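These notes concern the structure reproduced below.
The values are calculated or read from the model by the stated rules, or taken from the named source; none is laboratory data. Predicted model only: the values in this text are computed from it and were never measured. No Cβ is skipped: glycine too gets one built from the backbone with ideal geometry, and neighbour counts run over all protein chains shown. Surface accessibility is based on the protein's heavy atoms, side chains included, excluding ligands, DNA and RNA. Shrake-Rupley method; radii C 1.70, N 1.55, O 1.52, S 1.80 Å.
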Amino acid sequence: MKTTVKKIVAVLLLTFTGAYAQEKETKNYDQGFRIGFGVNAGIPTEDPYDFNVSGDVRLQYDFSKKYSMTLTTGFGNFFQSGKNNDLGYIPAKLGFKAFVLKDQFYILGEAGAAFAVTNNYDKTSLVLSPGIGYANDIIDISLRYEHFNDFPVIKNGIIDEGLGQIALRIAYGFKL
């Protein structure tokens, strides 16, 4: 009986001590803003586009060591063969980043709008962008899938909507 009581008391003490330590760590964490400048290269998953190149600026607010909110914008271009067939766009995305392993590996989900700026195409598209990545104090490398709900594609010889891409982002970032 005494051994059981001692085990229960030990578990309770460890639990409350661990909870206090986690609470203290969160309170003492220096919350704040970071900014990152990234270069992206993507491979579209539908025709007629051949590849994508873009640059972005990401503002990040760190709630804690594990969770951050992001705001991303920039300029991207889907290239295809031929003259004046490219699709340029400006994305505006809001996201949530959660560090899941050693405060360096993360998952990220972003949603927003992509504003087409091509001369012959001026639609705005919903853009959804889940991804995974690695970040330290200055470097951020991520791989993501992006889906542009309203951008044109060719499926089975018919013009349709719903352009996807797999993209790699390499960025330099720092605290503000």
accessible surface per residue for segment 82-166, probe 1.4 Å, DNA/RNA/ligands not counted, whole Å² -> 55 Å²
Exceeding 32 Å between C-alpha atoms, which entries from my cross-link table qualify? They are Lys93/Lys155; Lys102/Lys123; Lys65/Lys93.
Lys102/Lys123
Neighbourhood net charge (10 Å Cβ-Cβ; Lys/Arg +1, Asp/Glu -1) for Ile35:
+3
Quick one: net charge around Lys93, please, counting Lys, Arg +1 and Asp, Glu -1 for every other residue with C-beta under 13 Å from its C-beta.
+1
For Asp140, what accessible area in Å² do you get when you roll a 1.4 Å probe over the heavy atoms of the protein chains, rounding to the nearest 10?
20 Å²
Points 7 angstrom from Cα along the Cβ direction at Met69 and Thr124: gap in nanometres?
2.1 nm
Reduced to Cα centres, the span from segment 53-102 to segment 132-155 in Å works out to 7 Å
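Quick one: order Ser81, Ser129 from most to least accessible surface, probe 1.4 Å. List each step's numbers first, then the result.
Values: Ser81 90, Ser129 5 Å².
Descending accessible area places them as Ser81, Ser129.
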Length-normalised contact order of segment 78-176, Cα under 8 Å, at least 6 apart, in percent, tallies to 19 percent
May I ask you to list the trypsin sites (Lys or Arg not before Pro) in segment 30-103 that are in a DSSP loop and have at most 16 other Cβ atoms within 10 Å of their Cβ?
Lys65, Lys66, Lys83, Lys102
Calculate the spin-label point distance for Leu94 paired with Ala41, positioning each point 7 Å from the Cα along the beta-carbon direction, and give it in nanometres.
3.3 nm
When we measure straight from the Cα of Lys66, which aspartates and glutamates land under 18 angstrom away, once same-chain ones fewer than 8 places off are left out?
Glu23, Glu25, Asp30, Asp103, Glu110, Asp137, Asp140
